[in-house]
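Readers should treat all values here as calculations from the given coordinates under stated rules, not as data from a laboratory. Nothing here was measured: the structure is a model prediction, and the numbers come from that model. Please note: Cβ atoms are built from the backbone with ideal geometry, for glycine as well, and neighbour counts cover all protein chains shown.
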């Protein structure tokens with residue numbers, strides 16, 4: 001199996017890259033889905049606090065590659081020779097995939113913090129940072145800035161993911177893909193990169 005892994009801070013564009021991969025006919029496994037499935041099994045709401053706690057617990061009880069092991073099972077279940085794995089969080093996860101795939105390429109996706117915050121707010125997933133709504137939705141913390149509560153939530157989330165070793169994973173990435181231009185340009189670059197990697201160049 002050939003695995004193409006995406007690593008990047010929250011909101012950097014990994015999900016959009018995975019959408020392009022699907023459009024190209026590639027199988028995609030989202031590592032966050034491993035955590036969301038565990039939350040569902042435990043009957044918990046898939047909010048940031050719950051998902052972060054489950055991620056910590058899995059890694060503490062089963063080792064730093066716990067989520068990667070489950071994601072690899074999902075990848076093998078697709079029956080495909082090439083699988084995109086979205087959302088690596090540590091060097092250990094990268095090493096695990098490298099050791100268990102015939103070929104492994106790790107791609108770091110990077111985008112400016114302000115843009116990531118805006119995209120996450122627009123995405124609207126239950127675990128995404130967002131502004132409190134008109135009904136007085138609870139916020140977790142605040143900090144200076146245009147969207148202080150959302151910015152603080154994003155800081156907390158990326159701090160947790162960096163504590164799992166994401167910084168080290170980004171350092172060992174084989175390739176870096178910048179997402180700091182237009183969406184059309186980014187999609188074109190993702191498509192080009194995936195075509196090159198799947199062709200074996």
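Please compute the volume of the convex hull spanned by the alpha-carbon atoms of the range 1-101 and report it per residue in Å³.
So the per-residue hull volume is 98 Å³.
Ranked from highest to lowest mean number of other Cβ atoms within 10 Å per residue, what is the order of the peptides 39-48, 4-13, 64-73, 24-33?
4-13, 64-73, 24-33, 39-48
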